[in-house]
Amino acid sequence: MNKLFYPALFHKAEEGGFWVSFPDIPECLTQGDDITQAYEMAVDALGLALTSREEDKQPFPAVSDPTQITPEPDSFLMVIEFDMLAYKKRTGSRAVKKTLSIPEWLNEAAMAMDLNFSQILQEALISKIQA
């Protein structure tokens with residue numbers, strides 16, 4: 001469940017630019033000076049809303065059928081693609097310490113080769129998660 005798709009309404013702002021709302025997530029609002037910035041801000045706002053729900057152990061809202069949403073005048077519908085794994089990589093890079101156990105012979109061989117345990121573990125975990 002890494003990629004999610006939520007419909008968003010882009011509303012033309014009186015002062016220029018766009019403000020964005022999500023029919024399925026009423027508390028999720030954002031804005032941008034132009035369509036590109038509004039879209040990028042919508043992706044970030046969606047990320048904040050969804051990760052907040054995830055942290056609070058709340059389910060993600062059901063996704064509305066975009067064909068059932070009728071935009072108001074001066075607004076239009078776009079579907080926002082959100083990649084949860086990419087978002088977490090970009091925003092949650094704080095390092096955490098982990099303790100693990102490996103056989104002594106493996107530790108000695110890896111240390112003799114001056115291998116970086118953290119880097120190897122990260123690469124292995126990323127490979128497993130993306131598989």
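The values are calculated or read from the model by the stated rules, or taken from the named source; none is laboratory data. Predicted, not measured: the structure shown is a model, and the values here were computed from it. As a convention, Cβ positions derive from the backbone with ideal geometry for all residues, glycine included, and neighbour counts pool all protein chains shown. Calculation scope for accessible area: heavy atoms of the full protein, side chains included, ligands and nucleic acids excluded. Shrake-Rupley method; radii C 1.70, N 1.55, O 1.52, S 1.80 Å.
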**OP:** Go through (1) among the small types (Gly, Ala, Ser); (2) over 22 Å from residue 7 (Cα atoms); (3) surrounded by fewer than 13 Cβ atoms within 10 Å (Cβ to Cβ) and name the single condition residue 62 misses.
**Re:** (2)
**OP:** Name the single residue, out of those in the stretch 112-131 being among the small types (Gly, Ala, Ser) and under 30 Å from residue 3 (Cα atoms), that is surrounded by the fewest Cβ atoms within 10 Å (Cβ to Cβ).
**Re:** 131
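Condition check ((1) open to solvent by less than 80 Å² (accessible area, probe 1.4 Å); (2) at pLDDT below 85) across all residues:
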| position | (1), (2) |
| --- | --- |
| 82 | yes, no |
| 86 | yes, yes |
| 96 | no, yes |
| 106 | yes, no |
| 110 | yes, no |
**OP:** Of the conditions (1) under 20 Å from residue 21 (Cβ atoms); (2) open to solvent by 90 Å² or more (accessible area, probe 1.4 Å); (3) out of contact with any His (no Cβ under 9 Å at 6 or more places or on another chain), residue 55 clears all except one; give me its number.
**Re:** (1)
**OP:** Give the residues of the stretch 79-97 that are farther than 24 Å from residue 21 by Cβ and of a type in the set (A, V, I, L, M, F, W, C), sorted by residue number.
**Re:** 85, 95, 96
Subject >> the stretch 1-42 - residue that is more than 15 Å from residue 77 (Cα to Cα) and touching a residue at least 40 places away in the same chain (Cβ under 8 Å) and, of those, surrounded by the most Cβ atoms within 10 Å (Cβ to Cβ) >> reply: 4
